[in-house]
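See below for the structure under consideration.
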């Protein structure tokens, strides 16, 4: 439930409501969503869509409500209903349909709608879907069309990998896409042998190894994480990061005492913000089996990540105290 709430809050942050005939009803539903009243907001969005069947804003809100209950078919149906009459907002609707398809893990439709939108985020999604299907040539064409903002930065990263003559480097692009699409265990498993053969000539070998070791730990693929960590030659800033990653792996393995000892041993050597992030990540991994360990790791940190880690550990009062003001805190305060 919390994972979907985080997804919805992230989507709420997008400029997804442009204003139409259902504005008053949609605005009221958005207030409920921001206040953390997910059931109330969902019901209000559904009512707005029922009363205003051609409203793009209402349809988008109702799609969010459907995603909240895990019904991606209903979410897409709401958006499909208004697509034909969306006119200048059709690209927005198509991109939202691509996002729903991503949640449904329907890569064909994600690619279809993302490309049809012509928008930078939609084209990026389409390119990632093409890579997930192993279609590198089409992926390159889609990424080259991405222009503007963070989507372009991400697309350029993919293009850099895909332009390499080394098949190991080019192959990493597919693992990156799988990770971005939420197939995280698959991505980590696919990269295991790939990364240990990643060429030193690329210059970022150790950074890549360390990043994927951390990703492996975060999804419970601890054996792969350790293999990648052993292959990492750390120097400079990577020294503390490698040690922190080892601590996170200990938490992923359920070895809470070693995890805490390892991370606390980095006090004074690691940047405060970096160490805080490592401890919160570790707390997320161990909280389901050791609530006290999660509390000890998070301590007095205040961030959305700290709040989620404590909430997952069942420490709801601490979660509220550790979460900055905003929609996530509203959700925590509104939950029983």
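The values are calculated or read from the model by the stated rules, or taken from the named source; none is laboratory data. Keep in mind that what you see is a predicted model, and the values were worked out from it rather than measured. In this analysis, Cβ positions are derived from the backbone assuming ideal geometry, glycine residues included, and neighbour counts consider all displayed protein chains.
Return yes when residue 92 is at pLDDT 85 or above and closer than 30 Å to residue 179 by Cα and no when it is not. First the steps, then the outcome.
Working: at pLDDT 85 or above: yes; closer than 30 Å to residue 179 by Cα: yes.
When the stated conditions are applied, residue 92 passes them.
When residues in segment 116-146 are screened for being within 21 Å of the chain's Cα centre (by Cα) and either in a loop (DSSP other than H, G, I, E, B) or surrounded by fewer than 16 Cβ atoms within 10 Å (Cβ to Cβ) (or both), 3 of them pass. Here the condition is being farther than 18 Å from residue 196 by Cα and more than 20 Å from the chain's Cα centre (by Cα); of 272, 234, 276, it holds for 272 alone. In segment 183-203 there is at least one residue matching the filter, namely being under 24 Å from residue 99 (Cβ atoms), in contact (Cβ under 8 Å) with a residue 60 or more places away in the chain and not in a helix (DSSP H, G or I). Only a single item in (1) modelled with pLDDT of 95 or more; (2) on the phi < 0 side of the Ramachandran plot is not met by residue 194, and it is number (1).
Among the candidates 77, 47, which residue alone is at pLDDT 95 or above and in the same structural domain as residue 28 (by TED's automatic domain parsing)?
Details: 47 fails: at pLDDT 95 or above.
When all the criteria are applied, what remains is 77.
Flag not set for residue 247, criterion: touching a residue at least 60 places away in the same chain (Cβ under 8 Å), outside the structural domain of residue 166 (by TED's automatic domain parsing), within 23 Å of the chain's Cα centre (by Cα) and assigned to a helix (DSSP H, G or I). Residues in segment 259-272 that are part of a helix (DSSP H, G or I) and surrounded by 15 or more Cβ atoms within 10 Å (Cβ to Cβ): 259, 260, 262, 263.
Listed residues 97, 136, 156; which is touching a residue at least 24 places away in the same chain (Cβ under 8 Å) and touching a helix residue (DSSP H, G or I) at 6+ places or on another chain (Cβ under 9 Å)? Lay out the reasoning, then the answer.
Values: 97 fails: touching a residue at least 24 places away in the same chain (Cβ under 8 Å); 156 fails: touching a residue at least 24 places away in the same chain (Cβ under 8 Å).
Exactly one residue qualifies, and that residue is 136.
Given the residues 319, 293, 315, 282, which is the only one that is surrounded by 15 or more Cβ atoms within 10 Å (Cβ to Cβ), in contact with a helix residue (DSSP H, G or I) (Cβ under 7 Å, 6 or more places away or on another chain), within 24 Å of residue 239 (Cα to Cα) and not assigned by TED's automatic domain parsing to the domain that holds residue 30?
Every option except 282 fails the conditions.
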